[in-house]
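Here's the structure, in structure tokens; my notes come after.
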Amino acid sequence: MLLKMKKNRNKIKSSLVTFILVVFLTSFTFTSVTADSDDQMAQLEDILNSSSNYSAFQINMLLNSAQDLIEEGISYEDTEEIIKNSIDNSFSAYNIKKVFDIIIETQQEGLLTESLINKVNEGLAKNIDNNTLITVVYANAENLKKAKDILSEAQQEGLEVTDSEEIVEVLANSLENGVPRESLSWLANTVSAEGGSIEQIAEISEEFSYFSIMASDLGLSFEEVSLIFEEAIDNNSNIDNICENIQNSIEAEMNSTVVQLEEGREGKTSVVSSSETPSDSSEEDPLNVGESSSPEAGEAPSDVGNEPEPPDSPGEDSPSPPSEN
């Protein structure tokens, strides 16, 4: 009985020691993390204070926003880089906060934010104006959300997804390149229904991007590109032939455009040629006012037997026959 009580006491002591150790380590870790966070915020504050572009209120606002960004899982290095690039390009404090808010919201959606951060730093490096950069970053974030929705729909149809982040990036890139959302939804759902793989979706999605960029470079509008994709899908729903259908549609559209341009040129040429053809009208050519090659009033025209032929080239007057004395 005494032995059993001693064992229980030892177990209690052991558990108590373990608990104290865990509390100590947790407290130490928390203190260490807090100290690191404080150091990071102090460094960011020094960076912001090095610029005269921001007021004390704006600096405090940006520090709070930067802390939220880091707490959401964005690295300190990425946060610091955005702030430094913003200072170098005199980027508005409120627009920096907008960028941080977009990144935070995207992170909370469970989406990769690397592409957004790259877009921000790329835009700042090119010194893009504030509003344009915000628009681009926002559009990129929206494309990531749409791509996630497209993939979710396909998963509901039975598509097996192992690396959703990678395929979301591919689909978002296609949207950015002008591929219609409806076409990508059709692609994902069709591949899923046919028992295809996520790699097949990624591969064809990249082909869609190629065709969309090609059509845009040829001068086709987004509406025209959307119609081409829609008609190609309607004409043949076979996944194996869809890319060929799209290419044929683009070529047909361009051939039609070329024909219209050529007909337009021919029409203009015909009008110009007609205006340059000599006329039997008695009206004077305004370009020849003051140049009299016809007999003066009261004189009979010379008789040369046959009517004169038109000049060899339009615009050149044929010489008048010498008048009879």
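Things worth noting here:
- The set of residues in the stretch 38-62 being in contact with a Leu (Cβ under 9 Å, 6 or more places away or on another chain), crowded, with 16+ Cβ neighbours inside 10 Å and outside any loop (DSSP other than H, G, I, E, B) consists of 41, 44, 48, 58, 59, 62.
- Selection count where residues are surrounded by 15 or more Cβ atoms within 10 Å (Cβ to Cβ) and either in contact with a Phe, Trp or Tyr (Cβ under 7 Å, 6 or more places away or on another chain) or small (Gly, Ala, Ser) (or both), scope the stretch 215-232: 4
Residue by residue, here is whether (1) within 16 Å of residue 171 (Cα to Cα); (2) not assigned by TED's automatic domain parsing to the domain that holds residue 184; (3) not polar (S, T, N, Q) holds:
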site: 112; (1), (2), (3): yes, yes, yes
site: 118; (1), (2), (3): no, yes, no
site: 140; (1), (2), (3): yes, no, no
site: 145; (1), (2), (3): yes, no, yes
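- Residue check for residue 29: at pLDDT 95 or above and among the polar types (S, T, N, Q): no
- Single residue of 146, 126, 84 found to be closer than 24 Å to residue 209 by Cβ and touching a residue at least 24 places away in the same chain (Cβ under 8 Å): 146
- Segments classed as helices (runs of 4 or more DSSP H), wholly inside the stretch 92-208, with at least 1 members that are within 17 Å of the chain's Cα centre (by Cα) and under 24 Å from residue 82 (Cβ atoms): 114-125, 130-156, 164-176
The values are calculated or read from the model by the stated rules, or taken from the named source; none is laboratory data. Quick caveat, the model's predicted, so the values are computed rather than measured. Here Cβ is always computed from backbone atoms with ideal geometry, including for glycine, and neighbour counts include all displayed protein chains.
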